[in-house]
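Worksheet: one structure, shown below.
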Amino acid sequence: MRNIILSVISGLLLAVSWPTYGFPLFLFFGFVPLLLAEHNVRNSKYSKSQVFGLAYLAFFIWNIITTWWIYNSSAFGMWFAELVNTLLMALVFLIYHIVAKRTTFTIGSIFLACIWMSFEYFHLQWQVSWPWLNLGNGFAGFTSWIQWYEYTGTFGGTLWVWIVNIGVFKSIVLFQEYKDKAILYRSAIRNGLIILLPIIISLLILKTYTEKGKDIEVVILQPNINPYTEKYNTTDKRISVLLDSLTQNAITQNTDFIIAPETVFADSNRLHNFPHSTAKKTAQKIIKAYPKTHFLSGISLIDVFNDPSRIRPQTNIYKENVFYDDYNSAFFVRPDGTDELYHKSKLVVGVENFPYQSVLKPILGDVMIDLGGTVAKKTIQDDREVFFTKDSIGVGTMICYESIYGEFSTGYVRNKANFLAIITNDAWWGNTQGHKQHLSYAKLRAIEMRRSIARSANTGISAIINQTGAIVSQLGYEKQGTLKGTLKTNDKITFYAKVGNYLARISIFLSVFIFLFSVTRRKRKI
């Protein structure tokens, strides 16, 4: 019972540390009770099953409290996400337990931090990707603590969390063995410094950082269309009238960009007919009298064909010999009428992609798991498209879920994006922590890339975020209107944007090395 209580405490500590309602200081102690429970049962006869059960309990509590809001879009999707993600976390902890029994405390601790970071990296890459609870995301509400993410990305935060948790755990174990309070005092000082020094460094960076680039004016549109009752029953012509009306209240001769949300034009426009679509005509009409204004928006596009040689993994079958590619796209229209398209490439699991079709489709058929969105396989593109104005201002457009991925987002910066736009539709989850967490994570991308962000959300929260991750202005949830403001461009490339998730790649190498080392030697007690 004592170990079960420790497991529950870990789950609660991790949950109450999470944005946007929590305080991230608890992250530094969240794993300690679970580590103590694992240590208590390490040498018991059924230690593996006990450790797995304790870990599953702790991680399930963390998952369900922080991401229960998926239920608003799909009950099945929520339970799938909670149970599978909890299972993966528990398996990672079980692997640590197996290695820890066969190595020294130091090697086992290094392995724990590395295997967890490897797991987070894996969660960014595979087809059932769900990195929402990667530990580095937990500091999104306290960006003044993590300005050094421009050098490490979120994996720096994950490593920080594990260093402190392991340090606290070690001191408690040593105190239990020697009953010397000096151990606790030294630990408090040492771990307090490990927490404080990165925060102090971050505050110094924040105090001395000066936003770079020239000012541009953006007008962000928030149409506030309910995706369940209005969005797919509303024609593009009605959307056109609404966007035009919203824009006229804010646009000026100084406006550089008008930005509208994800799939706001949703009449299943044909890809080849986009130049003649209501969406493009709307953009041209709005910016006609404004010679320096560009229009950026989301749109659903479909490409229907009957040539089997064009079939790709994401291609949908309509009927015999008729196929179609379904795109969740962004379009960009310049004052001279030229246009470009970018197709969303990081897809929501089960909503926009069917993971591991060759394996799962014979078992599950055509089932799709609705986690929030339109349920159809989407077709992607390989590169991170950047839209450029005639005077070479580049905007990298992240569509909804893409803004969760740090290394993925560096592609826009390496392709010379001077600022970032996020177009999204967060209404699938209702007025819950879902859309608030999504907005909060956008601040991490601003710090990592040192790029200002213009965020257009269909139902909110739309926002302008500066290069230090601070929200300059925002338009609240379920409010229809516009958000006008100024942001700065930047052409400097951060260390993280150049090298990506290098900490995770080092961790993968160390994890494999330590695991192989541990299984080839005799078991050793801590």
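The values are calculated or read from the model by the stated rules, or taken from the named source; none is laboratory data. Every value quoted in this text rests on a predicted model; they were computed, and no experiment measured them. Cβ coordinates were reconstructed from backbone atoms using ideal geometry, including for glycine residues, and neighbour counts include every protein chain displayed.
Against the test of being closer than 25 Å to Ile311 by Cα, modelled with pLDDT under 95 and part of a helix (DSSP H, G or I), the options Lys361, Lys346 yield a single qualifying residue, Lys361.
Sort out which residues of segment 445-463 are over 22 Å from Lys498 (Cα atoms), in a loop (DSSP other than H, G, I, E, B) and polar (S, T, N, Q), and write them in order of number. The answer is Asn458, Thr459. What is the one condition in (1) of a type in the set (Val, Ile, Thr); (2) crowded, with 19+ Cβ neighbours inside 10 Å; (3) part of a helix (DSSP H, G or I) that Ile220 does not satisfy? Going through the list (1) of a type in the set (Val, Ile, Thr); (2) crowded, with 19+ Cβ neighbours inside 10 Å; (3) part of a helix (DSSP H, G or I), Ile220 breaks only (3). Could you tell me whether segment 84-93 includes any residue that is in a helix (DSSP H, G or I) and at pLDDT below 95? Scanning segment 84-93 turns up at least one residue that is in a helix (DSSP H, G or I) and at pLDDT below 95. Based on this model, can you work out whether Ser202 counts as closer than 22 Å to Tyr441 by Cβ, surrounded by 15 or more Cβ atoms within 10 Å (Cβ to Cβ) and of a type in the set (S, T, N, Q)? Yes; evaluated as a whole, the condition is true for this residue. Tell me, yes or no, whether segment 243-263 has at least one residue that is touching a residue at least 60 places away in the same chain (Cβ under 8 Å), within 19 Å of His343 (Cα to Cα) and part of a helix (DSSP H, G or I). Checked segment 243-263: no residue is touching a residue at least 60 places away in the same chain (Cβ under 8 Å), within 19 Å of His343 (Cα to Cα) and part of a helix (DSSP H, G or I).
Which one of these is surrounded by fewer than 21 Cβ atoms within 10 Å (Cβ to Cβ) and within 16 Å of the chain's Cα centre (by Cα): Gln176, Gln127? Selected residue: Gln127, the only one of Gln176, Gln127 that is surrounded by fewer than 21 Cβ atoms within 10 Å (Cβ to Cβ) and within 16 Å of the chain's Cα centre (by Cα).
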